[in-house]
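Just so you know, all these numbers are worked out from the coordinates, no wet-lab data involved. Here the structure is a predicted model, which is why all the values come from computation and not from measurement. No Cβ is skipped: glycine too gets one built from the backbone with ideal geometry, and neighbour counts run over all protein chains shown.
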Amino acid sequence: MSRHVPRTGVRRYVNVVNLGGLLIAVCATLPLVWMASASLKGPREISATPPSPLPRHPTLSNYETAFARNGIGHYFLNSVVVAGVSTVLILSLAFFAGYALARLPLRGRGAVMTALLMLSVFPPIALLVPLFLMERQAGLLNSYPGLVIPYVALNLPFAVWIMRNYLSGIPGELEEAAVVDGAGPLRTALTVILPLARPGLFTAGVFSFTATWSEFLLALTFNGSDDRRTVSVGIALFTSQYQVPYGVIFAGAMVATVPIALLVLIFRRSVVSGMTTGAVKG
Amino acid sequence: MSSVLQTKTAGTPSKGEGGGARAGASRQSPMSTPPGSAARRRARTGWLFASPALLIIAAVTVFPVAFSLVLSFCEVRLEYGGLRLGSPTLAHYEALLTHSEWYRALAFTLGFTIVSVFIELVLGTLTALVLERLGAARGWILALLLLPWALINVIAAQLWSYLFNGGYGAVSWLCEELFGAQPDILGRPVPAMAAMVAVDVWKTTPFVAIVVLAGLMLIPGDVYEAAEIDGANAWTTFWRVTLPQLRPIVAIAVLFRILQAFGIFDLPFVLTQGGPGTATQSVAILGYRILFQNLDFGGGAAVAVTTAVIVLGCCLLFLRVFRAHVDEGGRA
């Protein structure tokens, strides 16, 4: 950063970099603003030409329909349960596995880490058939565990990877002191390491929650019945007989997007560090 | 970049491989070397801590892939009580390999992957270069960039299907204003493919940009000073200094993106339903259709196995090539 010579004289705001930044911000957010605006438009205005950026007669009727007739509230609750339970399970399992892989002498650790990296990007379609048959056999289709189990397993590799990278950066002296004090490995992990692991847990948690909140393929095939649908399935299958009801879809989409957007914005540092963890850190 | 290097070297106790950056790992090598019951007990605790996670992962990934393999080589009959496996057969693979639909799906998926990841890499690098030079606004723009990335795929697809809609979609309307004709974006094969690439680029360029930005921040300033002293201009500096330094850091991000793009399902499912015709039918969409429209579990398993083989092959190849680069870089 230090290599850029500071601008001398009058600081000019109109330059290539600032214009580029403005363009990036507009490209990223304009479609989202458009969606928010369209969710407030009535049925005539939403299909009007030319399209107007802002609703002329804002109405909440789309939101009423989404809740009252399309059951977005119900899908939302399903998503909260599935993503929430999955995330808690992922974090507790990933903490111990990451601690073991970072701190304890394991033979074959290199192979395990490579396998985890590859599994963390494995396309779910390759697992769809056997998982579907296994869940059908076990009677898990259209149930919460039917989604939570595969979600935990599929998001664990990345979470373990993050936790391992984070924990291997914590100085070893603290741990050694605890061992000298006579603490067993479990107590050392829970009382010494866990409090220090918070940033790593935030990163792994935000990624797990976002991924499970958004997942579509497994949710569609395993939990297709109306009472167990998550938001992504619900919104994909929002249709009516004659016309795609975009206003209602966008109202539902806003309901599904606002919590995840807030989460990502609040924990933006964690998100950025998670994105770069495979590449830069550790 | 040392993280991937680390995965290869961490298992071997030889010293001096990880380099100075790996303070945490190198610190524990003295712990792992002393023999005796204490070390063995620590190792046992380690496996005890790691095994719940590893067992669940194996149960939901490794075991099903093996199950797929069996299914794909057997006659499968769907009966009331469940599946019945018949005699071994190659018919599923034969059907797949003689069926032009599979080749078309594979070609579309590969083309989509290559084109979209390439565009994302170029735009992501440009975005990162702009962000690096921005002052106070950088934090704000970074935060805004996370929004499309975090948007549910299905919602992004619904949103863009509205914007592309012939008649009242904003993109279609804009095209009409500019070129005088309403394009049928999602109704013709090539524009539909381009539209899908555009949505993917909109949604995932932020990820690439953030990784590249992190890479840019890691390049030490004296490298640039040296280039400046040598009289290199900005263009030469970018190609000769910045890009080579970025390469290892970007490599992993590209691997992630390639595999993610290869498994694409949500976007075509909602945006085009694989159409028009089968123009935008990805491998995942084809597998889904074979499975749930034709109820052909053996055929679906064959798609699953071929996909897994392609993906694993790409991963191994990539890690090999990539490790070679790291070694070169380390020696230079």
Binning at 5 Å from 0, report for region A:146-282 what percent of all alpha-carbon pair distances ends up in each bin.
2, 9, 15, 15, 15, 13, 11, 8, 5, 4, 2, 1, 1, 0, 0
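In peptide B:155-168, what is the residue-averaged number of other protein chain Cβ atoms found within 10 Å of each Cβ?
6
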Under the definition of partner shielding as Cβ atoms of other protein chains within 10 Å of a residue Cβ, what is the mean value for peptide A:75-88?
0
Region B:261-300 - Rg (one decimal) and Dmax (whole number), Cα, Å
9.9, 28
Just to confirm the number: angle between the C-alpha axis of helix A:198-214 and the first principal axis of chain A, 0 to 90 degrees, nearest 10?
40 degrees
Distance in nm between pseudo-label sites at B:SER37 and B:GLN260 (7 Å out along the Cβ direction from Cα):
5.0 nm
Quick check on chain A: what does the Kirkwood estimate of hydrodynamic radius come out to from the alpha carbon pairs, in Å?
22.1 Å
Could you give the longest part of chain A that holds none of the chymotrypsin sites (Phe, Trp or Tyr not before Pro) found in DSSP loops with at most 16 neighbouring Cβ atoms within 10 Å?
A:14-241
Starting from the amide H of B:GLU75, placed 1.01 Å from N in the peptide plane, find each other amide H under 5 Å away whose residue is 5 or more places distant or on another chain.
B:GLY86, B:SER87, B:THR89
Taking 0.36 nm per intervening residue step and subtracting the Cα-Cα distance, what contour gain separates A:SER143 from A:ARG269 on full extension?
41.9 nm
With r as the distance between the Cβ atoms of B:ALA66 and A:ALA25 and R0 = 56 Å, compute the FRET efficiency 1/(1 + (r/R0)^6) and round to 0.05.
0.70
Provide the three semi-axes, in whole Å and in decreasing order, of the ellipsoid equivalent to region A:1-135 as defined by the square roots of 5 times the Cα gyration tensor eigenvalues.
42, 35, 15
Label-to-label distance, nm, for residues given as A:THR191 and B:PHE118 (7 Å Cα→Cβ offset):
6.0 nm
Averaging over all projection directions, find the projected area of the Cα convex hull of the protein assembly as shown and quote it in nm² with one decimal place.
32.2 nm²
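Suppose R0 equals 51 Å; then what is the FRET efficiency for B:ARG44 and B:LEU126 from their Cβ-Cβ distance, rounded to the nearest 0.05? Each step should come with its number before you reach the end.
Numbers: r = 51 Å, r/R0 = 1.01.
That pair, B:ARG44 with B:LEU126, gives E of 0.50.
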